[in-house]
Amino acid sequence: MTDISPLAPKSIPELPPLAGVRLAAHACGLRYQDRTDLMVVELAPGTTVAGVFTRSLTASAPVEWCRQALTGGQARLVVVNSGNANAFTGSAGVASVARTVESAAKAAGCKPDEVFIASTGTIGVPLDDSKITAAFGDVLAKLRPDAWGEASRAIMTTDTYPKVATRTAKIGGVEVRINGFCKGAGMIAPDMATMLAYVFTDATLPADVLQTLLAKGVQTSFNAITVDSDTSTSDTLMLFATGQAGNPAVTSAADPALREFKRQLDDLLLDLAHKVVRDGEGASKFVQINVTGAASARAAKVIGMAIANSPLVKTAVAGEDANWGRVVMAVGKSGEKADRDCLSICMGGIQVAFNGQVVPDYDEEPVAQHMKGQDIMIDVDVGIGNGKATVWTCDLTHAYIDINGSYRT
């Protein structure tokens, strides 16, 4: 395991039990030695489910299965392995998924379409699913309501710390809990979610309501982050509601009773997404980019992502260089409308450019001092309209090359 990211949170919260959820981790030896690489989550009968998945046209066999199973709207089991992505493995990968699902459903006594699986790790290597299916008896025997930390660690690959979060909210006066964890450090430009993320609530909510809430919440969280501009073949974000809290029935995502729940769910999703960026491979700085004055919110987000994904911007941040000219370049290459002579840029809250020119008597020293910190802020107004968006990224250091240059070896 590599050193923990310098941007990691000071402490990892312990997630409390959540009614209707039991978890377990197991070491199958798929790739890693002396560490767990299989996670199983058992869900109470009647649990509803929602999900968003990668838009990659080379999506993995597990992703294709989950898309298909999601139409049933019910979930009883989640099975995730690390070390092997079971992606770009052809018909062998599809057969591996089928065997895993069949074995898991039989072991748990549920329907196959109530089993959701995922794999993360190296692409293009056949998965020996027999190591997984042979372990189901042992894993199910280890299921516990308090094994959140163990489960979150079992799905890690190049992550340096587990990413977990918890929130509470009230629906119709009844308190409900939301627990979630995710993994991801590289190949992060989700366009849907992140590498793998699982969120659970004990609220009673129908699948279509969950899907609406998740699809909206992901836009300003996991869909607003990037580490390296690369979208994984395995990206999966799922939300499960066990229905154990006993809150009043909700039939629409627009129900005012869900206002606090939506706020807490969105906050948890953003928390997890930020933790992915803060664990970006080789990252030493966390970067927030605020774009205003764009033609639309969509245009603002495109411009923000152009800045966030620019290797020149990211390496300037890594080198603590207040080179705002690279931000100008990234705005221009985005393809969205921008007025060169109205463009304004702030770094660390300090104006460096206004109306298309460097500010008079510009003093770079306070900006340079800001660039030496761990949390970097870049504000850009493109001078066109009222569209705005915020995205998050990290810097690009030589450590990213070191990690990915030796990933398979």
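The values are calculated or read from the model by the stated rules, or taken from the named source; none is laboratory data. Since the model is a prediction, treat every value here as computed from it, not as a measurement. Positions of Cβ are generated from backbone atoms using ideal geometry, with glycine treated the same way; all protein chains shown enter the neighbour counts. To get the accessible areas, we keep the full protein, side chains included, count just its heavy atoms, and leave off ligands, DNA and RNA. Shrake-Rupley method; radii C 1.70, N 1.55, O 1.52, S 1.80 Å.
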Quick check on my filter: what residues within region 20-47 are open to solvent by 10 Å² or more (accessible area, probe 1.4 Å) and farther than 14 Å from A151 by Cβ? G20, C28, G29, L30, R31, Y32, Q33, D34, A44, P45, G46
Residues of region 278-321 classified as within 23 Å of N355 (Cα to Cα), β-branched (V, I, T) and either buried (at least 23 other Cβ atoms within 10 Å of the Cβ) or at pLDDT below 95 (or both), total: 5
Could you tell me which of the residues F200, F181 is touching a Leu at 6+ places or on another chain (Cβ under 8 Å), farther than 30 Å from A399 by Cβ and at pLDDT 95 or above? F200
Criterion (out of contact with any strand residue (DSSP E or B) (no Cβ under 6 Å at 6 or more places or on another chain) and farther than 19 Å from A224 by Cβ) met by exactly one of P360, P366: P360
Could you please give the count of residues in region 55-64 that are part of a loop (DSSP other than H, G, I, E, B) and either open to solvent by 10 Å² or more (accessible area, probe 1.4 Å) or in contact with a Leu (Cβ under 7 Å, 6 or more places away or on another chain) (or both)? 5
Please go through region 238-258 and pick out each residue that is of a type in the set (G, A, S), touching a residue at least 12 places away in the same chain (Cβ under 8 Å) and either out of contact with any strand residue (DSSP E or B) (no Cβ under 6 Å at 6 or more places or on another chain) or open to solvent by 50 Å² or more (accessible area, probe 1.4 Å) (or both). G243, G246, A249, S252, A253
State all residues of region 37-65 that are hydrophobic (A, V, I, L, M, F, W, C), touching a strand residue (DSSP E or B) at 6+ places or on another chain (Cβ under 6 Å) and more than 22 Å from R153 (Cβ to Cβ); if no residue qualifies, say none. V49, A50, V52, F53, V63
Check every one of the helices (runs of 4 or more DSSP H) wholly within region 65-150 and list those with 2 or more residues that are of a type in the set (A, V, I, L, M, F, W, C). 90-108, 136-141
So how many residues does region 196-231 have that are assigned to a helix (DSSP H, G or I), of a type outside the set (A, V, I, L, M) and crowded, with 22+ Cβ neighbours inside 10 Å? 3
Filter region 26-47 for residues that are of a type outside the set (A, V, I, L, M, F, W, C) and under 24 Å from the mean Cα position of the chain (by Cα); which is modelled with the lowest pLDDT? Y32
For T157, indicate whether it is under 16 Å from the mean Cα position of the chain (by Cα) and assigned to a loop (DSSP other than H, G, I, E, B). yes
